[in-house]
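Quick notes on the structure that follows.
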Amino acid sequence: MQAEVKWVENFKFLGQSQSGHSVVMDGSGGATAPSPMEMVLMAAGGCSSVDVVDGLKSANQQVTACNAKLTAERRETAPRIFTLVNIHFDVSGVDLDPSVVEKVTTDSLEKYCSVCLMLGKGVTMTHSWAIV
């Protein structure tokens, strides 16, 4: 996998993925686009959501929606790394089995989500879920 990040102006950068997609990032606290750290947080939410939806479908659950809400804490001094990330999954569907939802959300953070597993090496990663 490869990517390229080009400086545009001030603290604005254009990231380009190997698959041909682009995203703007703003290193000045996210004034005009997501900051790089916001992108990392969204990547964790996206990666884990894929696992949750795939896991529910694989378990023959009739999932109709999955919304991951992420909260994070960062160090006060540089490097301002994440110290805690929580992902709360609101899952909707028809007759969802709570034990299956619990298993797939746990498995995502502990076994499958590449982004969360990388972050988890230096960050406390937690999750919660609700069937809505």
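How large a share of the accessible area of the chain, in percent, is made up of carbon and sulfur atoms when the probe is 1.4 Å and the other protein chains stay in place?
56 percent
Determine the per residue accessible area of the chain with all protein chains present and a 1.4 angstrom probe, expressed in square angstrom.
Working: 8150 Å² over 132 residues.
Value returned for the chain: 62 Å² of accessible area per residue.
For the chain, what does the helix formula give at 222 nm: sum of -39500 (n - 2.57) over DSSP H segments with n ≥ 4, over the residue count, nearest 500 deg cm²/dmol?
Result for the chain, helices only: -9500 deg cm²/dmol.
Using only the alpha-carbon atoms of the chain as identical scatterers, what base-10 log of I(q)/I(0) does the Debye formula give at q = 0.14, 0.18, 0.22 Å⁻¹?
-0.71, -1.01, -1.23
Place +1 on the Cβ of every Lys and Arg and -1 on the Cβ of every Asp and Glu in the chain, take the dipole about the Cα centre, and give the residue among Ser49, Met25, Thr124 whose Cα lies farthest towards its positive end.
Farthest along the dipole direction, towards plus: Met25.
Send over the per residue convex hull volume for region 1-57, Cα only, as a whole number of Å³.
On the way: hull volume 5.1 nm³, N = 57.
So the per-residue hull volume is 90 Å³.
If you average the C-alpha positions of region 7-67 and of region 79-93 separately, how far apart do those two centres end up, in angstrom?
With region 7-67 and region 79-93 each reduced to a Cα centre, they are spaced 13 Å.
The values are calculated or read from the model by the stated rules, or taken from the named source; none is laboratory data. What you see is a predicted model, and the numbers here were worked out from it, not measured in a lab. With ideal geometry, Cβ positions are generated from the backbone for all residues, glycine too; neighbour counts draw on all protein chains shown. Just the protein is used for accessible areas: all its heavy atoms, side chains included, with ligands, DNA and RNA removed. Shrake-Rupley method; radii C 1.70, N 1.55, O 1.52, S 1.80 Å.
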